[in-house]
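The values are calculated or read from the model by the stated rules, or taken from the named source; none is laboratory data. The structure presented is a predicted model; accordingly, all values stated were derived computationally and were not measured. We place every Cβ from the backbone using ideal geometry, glycine too, and count neighbours over all the protein chains shown.
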Amino acid sequence: MRTTFAASALALLFVAPAASAQSYAPGAKPAVDDEPAYVEAPARSGYGYAPRSNDHTGLMLRLAIGIGAGAIAQEQGSVETTYRGGAGLTSVAIGGAVSPNFALGADFFGFGLTDPEVYIDGERVGYAGANTQYRMNAVGLNGTYYVMPANVYLSGSIGLGMNTVTRYSGYANRYTTERSTSDAGLALAAMVGKEWKVSREWGLGVAGQFMLAGSKDSAGSNTSYGNAAFGVLFSATYF
């Protein structure tokens, strides 16, 4: 009996280590069932999901310049003088994406008239002259949304604008400049454009823009201004 018990104990002593040492031969891969399970983590981004490769993200800078038509109506007392003519339009928007394809930022926009036609109470009286420039400049909050993959964008701005009238007089190198500026008033701008990618971040395109603004004379007089312009602009955008 004692001999049998001793033999069993010796067998356990030698067989158990051999079984544990048998786990894997050198250089052999573990069985599939023995491998730890790895689950690929979902892509993360600051927008809650991974943007697509053609989405617009990060910094936005849009430069736009073009030509069109504009009018500035100056109302003083019971007399209304309107300046109409070809206009040069500009817009510089800078901001950043708050979600893919949608950016918020600031927009510096405006238009200018040089030697426009002059109407007094609706009757044309001639031209203002090439030595006088009328301009509306504004700054406001801008929102831009890109419709992808068409790369068409819708942009709108609301802010404050003011009128500036600049007159040049003199001759040769003896020019003098007289400038008058109004108080700031409400200004609005809307733009619809289409761009074509020339690199991962840069796009070139064309857009249509419309501007409206109103202001009053800063000298405390009863003079007020109404502004309107529209045109076609060429744009270059980093976004």
### Task
Taking the options Gly140, Gly185, Gly193, Gly159, name whichever one is closer than 16 Å to Asn101 by Cβ and modelled with pLDDT of 90 or more.
Gly193
### Task
Taking only the stretch 138-197 into account, find how many residues are over 21 Å from Phe230 (Cα atoms), free of Cβ contacts under 8 Å to residues at least 40 places away in the same chain and surrounded by 13 or more Cβ atoms within 10 Å (Cβ to Cβ).
6
### Task
Identify all residues within the stretch 103-160 that are of a type in the set (Val, Ile, Thr) and more than 30 Å from Asp55 (Cβ to Cβ); write none if there are none.
Thr114, Val118, Ile120, Val125, Thr132
### Query
Which condition number does Ala228 fail, the rest of (1) assigned to a strand (DSSP E or B); (2) surrounded by fewer than 18 Cβ atoms within 10 Å (Cβ to Cβ) being met?
(2)
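On the given criteria, is Asn173 over 22 Å from the mean Cα position of the chain (by Cα) and at pLDDT below 95?
Details: over 22 Å from the mean Cα position of the chain (by Cα): yes; at pLDDT below 95: yes.
Yes, satisfied.
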### Task
Kindly provide the set of residues from the stretch 75-96 that are surrounded by 19 or more Cβ atoms within 10 Å (Cβ to Cβ), touching a residue at least 60 places away in the same chain (Cβ under 8 Å) and either among the hydrophobic types (A, V, I, L, M, F, W, C) or closer than 17 Å to Val125 by Cα (or both), ordered by number.
Ala87, Leu89, Ala93
### Query
Checking Pro42 against (1) modelled with pLDDT of 50 or more; (2) more than 20 Å from Asn151 (Cα to Cα); (3) not basic (Lys, Arg), which test does it fail?
(1)
### Message
Please go through (1) without any contact (Cβ under 8 Å) to a residue 60 or more places away in the chain; (2) crowded, with 18+ Cβ neighbours inside 10 Å for Phe111 and return the number of the only condition it doesn't satisfy.
### Response
(1)
### Message
Just to check your reading of the model, which residue among Met136, Met148 is closer than 21 Å to Gly208 by Cβ and out of contact with any strand residue (DSSP E or B) (no Cβ under 8 Å at 6 or more places or on another chain)?
### Response
Met148
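Test Tyr127 against the criterion of being under 22 Å from Glu195 (Cα atoms) and not aliphatic (A, V, I, L, M), and give yes or no.
On the way: under 22 Å from Glu195 (Cα atoms): no; not aliphatic (A, V, I, L, M): yes.
Answer is no for this residue.
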